[in-house]
Amino acid sequence: MIHWEAYLLLSVFVVYVGGVLVFSLRNWLGSNRLIAAGVLLAGVAFVLHTGLLLARGFAAGRLPFSNLYEFTLVFAWATMLIFAFFAVRFKLLASAPLALSLTTLLVGIAAMMPRDIRPLMPALRSGWLQSHVASGVLAYGAFAVSAVLAVVMLTRSEERDESSEADWAVKYWRMPELAELERYVHGLIVFGFFFLSVLMLTGAIWAEETWGRWWGWDPKEIWALVTWLIYLVYLHGRRRFGWTGQTTAWFSAVGFFAVMFTLFGVTYLLPGLHSYK
């Protein structure tokens, strides 16, 4: 592994951990002054994270999409990006400790993986690689943020912070009503489901080009289908039976568990044609 990459990866992880600790201290101590410090640390970590991906891509001479290490880093980056959009657009900074913890966990998992830059395997030398992986990153990032907000829905108390302070950080650190959170979770699931469908479609076309078949019941294909069906059942139930509230939250949590198992569990426990470590 390139030494500069090891130092940069460590810096990303440490600064993310710092953000988690500061946001957690804010919740423990109730000090609103810590919000700005947490945002600053999260922003610095995200910039370093972006730099790591750019440097990795430059060193490899391609987009960092070819193995589990790279995908996990891009997945963590997309999770942070999507959460940052929601946190700013809808004033959801109160969910930052959980979102930042998930991002930190993903970066930590990536740090334990092989990181050598190798030539692309023959199966990966396809024009479908970029669209297939990019759709997966968007889908998984959206599902991750939906799961974060779902956990907030399932664990929040009925008490709300009615602070009238004018500080910008306090205005963005709020706990929305359950119905508002549920709308965001649903919207993220719809977004993620669309790109998960694109992921499976591009994967089928790519498989036909590479292996001469559209579907081969590979473990990764099966669990991608299981994940897709979980979200499909939820979307159908919401439309047909009006499922809302905690039902949405539980489907989001279960669906994201399937996402994580598809990504990591299948790779290490049920290896197949898609086990690109």
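What is the distance, in nm, between label points placed 7 Å from the Cα along the Cα-to-Cβ direction at Leu54 and at Phe257?
Rounded to a tenth, the inter-label distance reads 4.0 nm.
Taking a probe of 1.4 Å, how large is the accessible area per residue of the chain, in Å²?
On a per-residue basis, the chain sits at 49 Å².
Any chance you could check the Cα centroid distance between the stretch 31-72 and the stretch 98-135 for me, in angstrom?
Each part's Cα centre sits 13 Å from the other's.
Using only Cα atoms, tell me the angle between helix 246-260 and the longest principal axis of the chain; keep it within 0 to 90° and round to the nearest 10.
Result, in degrees: 40.
Using Cα atoms only, what is the angle between the long axis of helix 33-60 and the major principal axis of the chain, expressed in degrees (0 to 90) to the nearest 10?
Taking the Cα atoms of the chain, the angle to 33-60 is about 10 degrees.
With springs only between Cα atoms under 10 Å, which of Phe90, Phe143, Phe13 fluctuates most in a Gaussian network model of the chain?
Phe90
Taking the Cα centre of the chain as the origin and placing charges on Cβ (Lys, Arg +1; Asp, Glu -1), which of Val233, Phe191, Gly136 is farthest toward the positive end of the dipole?
Gly136
Could you list the residues of the stretch 216-253 with an amide nitrogen less than 14 Å from a label point located 7 Å from the Cα of Glu208 in the Cα-to-C-beta direction?
Label zone hits: 216.
Does anyone have the angle between helix 96-111 and the longest principal axis of the chain? Alpha-carbon axes, 0 to 90°, nearest 10?
So the helix axis and the longest Cα principal axis differ by about 30 degrees.
Using only helices, what value at 222 nm comes out for the chain when you add -39,500 (n - 2.57) per DSSP H run of length 4 or more and divide by the total residues, to the nearest 500 deg cm²/dmol?
-25000 deg cm²/dmol
Over the chain, what relative contact order in percent results from Cα pairs under 8 Å that are six or more residues apart?
On the way: 331 pairs, mean separation 53.7, N = 277.
Taking the mean separation of contacting Cα pairs over the length of the chain, I get 19 percent.
Rounded to the nearest percent, how much of the accessible area of the stretch 3-269 (1.4 Å probe, protein heavy atoms only) is carbon and sulfur?
Summing carbon and sulfur atoms, their accessible area is 69 percent of the total for the stretch 3-269.
Below 8 Å between Cα atoms, with a sequence gap of 6+, how large is the relative contact order for the stretch 1-43 in percent?
38
The values are calculated or read from the model by the stated rules, or taken from the named source; none is laboratory data. These figures come from a predicted structure and were not determined experimentally. Neighbour counts run over all protein chains shown; Cβ positions are idealised from the backbone, glycine included. For accessibility, only protein heavy atoms count, side chains too; no ligands or nucleic acids. Shrake-Rupley method; radii C 1.70, N 1.55, O 1.52, S 1.80 Å.
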